[in-house]
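Each remark here refers to the structure printed beneath this line.
The values are calculated or read from the model by the stated rules, or taken from the named source; none is laboratory data. Being a predicted model, the structure only gives us computed values, none of them experimental. FYI the Cβ positions are ideal-geometry reconstructions off the backbone, even for glycines, and counts take in every protein chain you see.
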């Protein structure tokens, strides 16, 4: 979900900039997670917001994600798998967010997990190389500022790329 | 989790009996889910309690589950997978319940899912024949009143049986 379906980085930056009066952008994060781009004494603020009651619920949907996902469903059995166990406050928010923005995905096809090694699927589209490495099927790297230098996976830069790759 | 690690049926019966002044027992449920053993006009009460803020959090741990699970971890990579998507109010309760009663299971090995066909594992111990049928590895049926007549799976009647089967 995060960084692939939902724009979590934009929300991190917006809350960070508001709190500290800065103007950090996605371009400033090239090759880094948000945490690595700010000074360590500001990590507590990022953590607090990440675990707040409304962080995940307000995330913007990535462009074209809804339309392409709906098209994918006509040819594939699509599951949404998200590493929600890292942030338990996200469970209900993520569930409601999916119901609001992707109502055509049945709850039976939603997975809140930790390690994605437990998933039995042909493909996993993920921004996190750690999860792609754990996954036993074919990993597809979804471009995000932090992973620009990662190699070894087929890469998609946006949902139009996903559409091209899976629907020709 | 439910009916395997956590005694959800006992909690259903206890709340049902309290509300209607009855004395329904597990023996009365032979071959039936709780829902099938009570009159349809009482289903709303069962649903209400199931979706309440404290149903899953107070469930008793099945006898020997903690000790055997801890022993299993020495020889197996153990994941907890639960069909939580059917009851979204259960997410945080289930997470806290596991942290309280099974603190030795890391969150990275917890899965809240719908269909268990998405799990990549060698074995699944489950009371629900629908999930065992969907699962692609070897399904082990954990005995519960509702599944007494189900055949086609290796059956364990309790955690001592699980211990014998997997640890000799």
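What residue, of B:148, B:162, is under 16 Å from the mean Cα position of the chain (by Cα), over 23 Å from residue B:34 (Cβ atoms) and modelled with pLDDT of 95 or more?
Numbers: B:148 fails: over 23 Å from residue B:34 (Cβ atoms).
None of the others qualify; the one that does is B:162.
Within the range A:93-107, how many residues are surrounded by 17 or more Cβ atoms within 10 Å (Cβ to Cβ) and over 24 Å from residue A:160 (Cα atoms)?
Number satisfying all stated conditions: 3.
For the range A:46-65, give me the residue count where each residue is surrounded by 19 or more Cβ atoms within 10 Å (Cβ to Cβ) and within 14 Å of chain B (Cβ to nearest Cβ).
Total satisfying the criteria: 1.
Just one of (1) more than 8 Å from chain A (Cβ to nearest Cβ); (2) over 15 Å from residue A:88 (Cα atoms); (3) touching a residue at least 24 places away in the same chain (Cβ under 8 Å) trips up residue B:74, so point out which.
Condition (3) is where residue B:74 drops out.
Do we have residue A:125 as in a loop (DSSP other than H, G, I, E, B) and either farther than 12 Å from residue A:80 by Cβ or in contact with a helix residue (DSSP H, G or I) (Cβ under 9 Å, 6 or more places away or on another chain) (or both) here?
On the way: in a loop (DSSP other than H, G, I, E, B): no; either farther than 12 Å from residue A:80 by Cβ or in contact with a helix residue (DSSP H, G or I) (Cβ under 9 Å, 6 or more places away or on another chain) (or both): yes.
Criteria not met by residue A:125.
In the set A:78, A:68, which member is in a loop (DSSP other than H, G, I, E, B) and surrounded by 14 or more Cβ atoms within 10 Å (Cβ to Cβ)? Full working, then the answer.
On the way: A:68 fails: in a loop (DSSP other than H, G, I, E, B).
The unique qualifying residue is A:78.
Can we say residue B:134 is more than 16 Å from the chain's Cα centre (by Cα) and at pLDDT 95 or above? Break it down into steps so the answer makes sense when it comes.
On the way: more than 16 Å from the chain's Cα centre (by Cα): yes; at pLDDT 95 or above: yes.
It is true that residue B:134 is more than 16 Å from the chain's Cα centre (by Cα) and at pLDDT 95 or above.
Restricting to the range A:98-109, give me the number of residues that are part of a loop (DSSP other than H, G, I, E, B) and in contact with a strand residue (DSSP E or B) (Cβ under 9 Å, 6 or more places away or on another chain). Steps first, answer last, please.
Of the residues in the range A:98-109, the ones part of a loop (DSSP other than H, G, I, E, B) are A:102-106.
In the following step, the residues that additionally are in contact with a strand residue (DSSP E or B) (Cβ under 9 Å, 6 or more places away or on another chain) were identified as A:102, A:105.
Counting residues in the range A:98-109 that are part of a loop (DSSP other than H, G, I, E, B) and in contact with a strand residue (DSSP E or B) (Cβ under 9 Å, 6 or more places away or on another chain) gives 2.
I'm trying to understand the selection: among the residues of the range B:97-122, which are touching a helix residue (DSSP H, G or I) at 6+ places or on another chain (Cβ under 8 Å) and more than 13 Å from chain A (Cβ to nearest Cβ)?
Scanning the range B:97-122 gives B:101, B:102, B:104.
Provide a single number: the residues in the range B:16-36 that are under 24 Å from residue B:85 (Cα atoms) and surrounded by 18 or more Cβ atoms within 10 Å (Cβ to Cβ).
Of the residues in that region, 2 qualify.
Could you list all residues from the range B:78-93 that are in contact (Cβ under 8 Å) with a residue 24 or more places away in the chain and at the interface with chain A (Cβ under 9 Å from one of its Cβ atoms)?
Looking only at the range B:78-93, we keep the residues that are in contact (Cβ under 8 Å) with a residue 24 or more places away in the chain, and these are B:78-87, B:89-90, B:93.
Of everything in the range B:78-93, those that are in contact (Cβ under 8 Å) with a residue 24 or more places away in the chain and at the interface with chain A (Cβ under 9 Å from one of its Cβ atoms) turn out to be B:79, B:81, B:83, B:84, B:85, B:86, B:89.
One line per residue, one yes/no per condition, for (1) surrounded by fewer than 21 Cβ atoms within 10 Å (Cβ to Cβ); (2) outside any loop (DSSP other than H, G, I, E, B); (3) free of Cβ contacts under 8 Å to residues at least 40 places away in the same chain:
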position	(1), (2), (3)
A:111	no, yes, yes
A:117	yes, yes, yes
A:130	yes, yes, yes
A:136	yes, no, yes
A:141	no, yes, yes
A:152	yes, no, yes
A:155	yes, yes, yes
A:160	yes, yes, no
A:165	yes, yes, yes
